[in-house]
1. Going by Cα centres, the range 172-206 and the range 151-165 are how many Å apart?
2. Pairs of Cα atoms under 8 Å, at least six residues apart: use those to get the relative contact order of the chain, whole percent.
3. Based only on other Cβ atoms within 10 Å, what is the fewest-to-most ordering of E234, E175, E196?
4. Taking the beta-carbon count within 10 Å as an exposure proxy, list I71, I233 from fewest neighbours to most.
5. Give the distance, in whole Å, between the Cα centre of the range 34-51 and the Cα centre of the range 211-239.
6. So, by mean Cβ neighbours within 10 angstrom, what's the order for 146-154, 58-66 with the highest one leading?
7. Please list, in order along the range 23-38, the HN-Hα scalar couplings obtained from phi with the Karplus expression 6.51 cos²θ - 1.76 cosθ + 1.60 (θ = phi - 60°), rounded to whole Hz, x for Gly and Pro.
8. Can you return the lysines within cross-link range of K65? Criterion is Cα-Cα under 30 Å, with same-chain partners fewer than 8 residues away left out.
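Any read-out appearing in this document is the output of simple, stated calculations on the displayed coordinates, not a laboratory observation. All figures in this text were calculated on a predicted structure; none of them were measured in a lab. Here Cβ is always computed from backbone atoms with ideal geometry, including for glycine, and neighbour counts include all displayed protein chains.
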Amino acid sequence: MDGVSVSFDGFKALNNLSLYVVAGELRAIIGPNGAGKTTMMDVITGKTRPDSGQLFFNGSVDLTKLDEAAIANLGIGRKFQKPTVFESQSVLDNLDLALKGNRRVFAGLFARLGKAQLERIDEVLERIALTDFRGQRAGNLSHGQKQWLEIGMLLMQDPELLLVDEPAAGMTDAETEKTAVMLQEIARSHSVVVVEHDMEFIRALDCHVTVLHEGSVLAEGSLDSLQNNRDVIEVYLGR
Ligand code: ADP
């Protein structure tokens with residue numbers, strides 16, 4: 001993102017924001033309420049158009065020229081904070097439905113699952129720690145498991161970049177820890193950008209962290225370096 005600005009009624013939600021994420025990176029974005037985190041995600045996915053600035057994906061595609069569907073088709077997937085799984089369907093069927101939404105799979109909605117698809121689903125089930133729950137109704141899963149299922153549904157669509165909004169919100173400590181490991185694993189083969197408030201979770205992610213404040217980057221670095229950064233302390237503690 002290069003010099004991206006977005007205003008709402010004259011208020012700058014993003015103010016000349018420049019941010020660079022390397023392919024295959026796991027990056028955490030933090031910042032106080034109103035810092036512009038959600039607007040940043042909205043701009044990347046094409047939900048909100050920037051007033052100025054440029055956004056490049058894979059070095060060359062300018063996302064500001066594309067609409068939401070075209071951006072999703074490029075391989076940018078987003079998971080919102082609240083899990084939105086099909087509660088009355090099984091875990092397996094949720095993943096199957098997501099696979100049928102995959103831009104590279106042209107199977108009809110009612111096509112039977114082939115061997116290759118089942119293998120793909122098994123692989124994702126393992127990644128999201130739901131192998132033993134494949135036949136369960138999604139509605140019966142815990143909140144944390146629903147979040148994982150939704151991450152799995154995103155993976156079924158083969159995104160290159162995953163944007164994940166507060167995955168640890170409402171999770172137990174054990175689920176939070178497991179989610180951090182899961183995202184680290186996913187980042188071995190994908191780029192992952194996580195917006196999060198939970199500092200324990202950020203610590204467990206053990207990745208490069210960007211602090212947003214008033215629509216711009218305030219600081220970047222390891223969580224340890226940021227916790228000793230005066231600007232960051234001031235923004236978080238109001239001192
Ligand atoms: P964060 O996700 O970091 O809490 P947001 O991106 O949601 O921050 O918001 C940044 C600022 O922009 C906030 O002050 C918010 O009130 C404002 N804002 C966001 N979306 C809109 C909108 N659609 N209309 C007006 N103001 C908005």
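1. Using only Cα atoms, the two centres lie 14 Å from each other.
2. Details: 418 pairs, mean separation 68.2, N = 239.
Here the relative contact order equals 29 percent.
3. Working: E234 12, E175 20, E196 25.
With the sparsest Cβ surroundings first, the list reads E234, E175, E196.
4. On the way: I71 23, I233 13.
Placing the least packed residue first, the sequence is I233, I71.
5. Their Cα centres are 20 Å away from one another.
6. Working: 146-154: 24.0, 58-66: 12.3.
In descending order of packing, they fall as 146-154, 58-66.
7. Result, ordered by residue: 4, x, 8, 9, 10, 9, 10, 10, x, x, 3, x, 5, x, 4, 5 Hz.
8. List returned: K12, K37, K47, K79, K82, K100.
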